[in-house]
Amino acid sequence: HQAYVGLRNYEQALRHHLKIINGGKSISIFPSGKRVLQGESLTVKGGVSFLAQATQLPVIPVLIQGAENISIQDFFSRKRRIKVIIGQPIYAKDIFKDLTSIVMNETRNDYEAASMIVMEKIMQLS
């Protein structure tokens, strides 16, 4: 589902995601905003932590290994394997220092800092 970049407002940028979650469904979201291949530098966006804080629902960290450059033929012929590791739920209270005073301005973005904690937990799954 579309996220609107550049708005500097997570509620507006992720309005479709909030509607889905508030409708009782789940979503998958990458903390970096896209897939990160092995060897790429890790940068995160604040969307995943904003959604955790806004909905008070847990983030389930998932690490997918072995999916880089795999073809459908490799998968079905079992020449390559994909490993999916699912971690323990992470709640907003676990990734924010203070839920009552979250800051997002030009010099500080607590959502991005919290999303980095989520990304670190994902990387620890390997």
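The values are calculated or read from the model by the stated rules, or taken from the named source; none is laboratory data. Since this is a predicted model, take the numbers as computed values, not measurements. So basically every Cβ, Gly included, is an ideal-geometry build from the backbone, and we count neighbours across all protein chains shown. Ligands, DNA and RNA are stripped out before the accessible areas are found, and what is left, the full protein with its side chains, is counted by its heavy atoms. Shrake-Rupley method; radii C 1.70, N 1.55, O 1.52, S 1.80 Å.
For the stretch 94-126, how many residues are out of contact with any helix residue (DSSP H, G or I) (no Cβ under 9 Å at 6 or more places or on another chain) and among the charged types (D, E, K, R)?
Total satisfying the criteria: 3.
Check whether at least one residue in the stretch 19-39 is among the small types (Gly, Ala, Ser), loosely packed, with under 10 Cβ neighbours inside 10 Å and under 14 Å from the mean Cα position of the chain (by Cα), and report yes or no.
Looking for residues that are among the small types (Gly, Ala, Ser), loosely packed, with under 10 Cβ neighbours inside 10 Å and under 14 Å from the mean Cα position of the chain (by Cα), one finds at least one in the stretch 19-39, hence yes.
Looking at (1) over 16 Å from the mean Cα position of the chain (by Cα); (2) surrounded by 15 or more Cβ atoms within 10 Å (Cβ to Cβ), which one does LYS83 not meet, given that it meets all the others?
(2)
Consider ARG78 against the criteria (1) on the phi < 0 side of the Ramachandran plot; (2) open to solvent by 90 Å² or more (accessible area, probe 1.4 Å): it satisfies all of them except one. Which criterion is unmet?
(1)
Tell me, please, whether a residue that is touching a residue at least 60 places away in the same chain (Cβ under 8 Å), open to solvent by less than 50 Å² (accessible area, probe 1.4 Å) and of a type in the set (Gly, Ala, Ser) can be found in the stretch 50-66.
Yes, the stretch 50-66 has at least one match.
Can you say whether ASP94 is open to solvent by less than 60 Å² (accessible area, probe 1.4 Å), without any contact (Cβ under 8 Å) to a residue 60 or more places away in the chain and assigned to a helix (DSSP H, G or I), as far as the supplied structure shows?
Working: open to solvent by less than 60 Å² (accessible area, probe 1.4 Å): no; without any contact (Cβ under 8 Å) to a residue 60 or more places away in the chain: yes; assigned to a helix (DSSP H, G or I): yes.
Answer is no for this residue.
Just checking, how many residues over the stretch 100-126 are exposed (fewer than 14 other Cβ atoms within 10 Å of the Cβ) and within 25 Å of GLN53 (Cβ to Cβ)?
9
Just to be sure I understand, how many residues within the stretch 54-68 are in a loop (DSSP other than H, G, I, E, B) and modelled with pLDDT of 85 or more? Step through it out loud before you land on a result.
Let us first name the residues in the stretch 54-68 that are in a loop (DSSP other than H, G, I, E, B), namely 56-58, 60-61, 66-68.
Adding the requirement that they be modelled with pLDDT of 85 or more leaves 56-58, 60-61.
The qualifying residues number 5.
Within the stretch 93-126, restricting attention to residues that are of a type in the set (Asp, Glu) and modelled with pLDDT under 90, which residue is nearest to TYR10 (Cα to Cα)? Don't jump to the end; show me each part of the working.
Keep residues of the stretch 93-126 that are of a type in the set (Asp, Glu), which gives 94, 98, 106, 110, 112, 120.
Then drop every residue that is not modelled with pLDDT under 90, which leaves 98, 106.
On the way: ASP98: 18, GLU106: 14 Å.
Going through the qualifying residues, I end up with GLU106.
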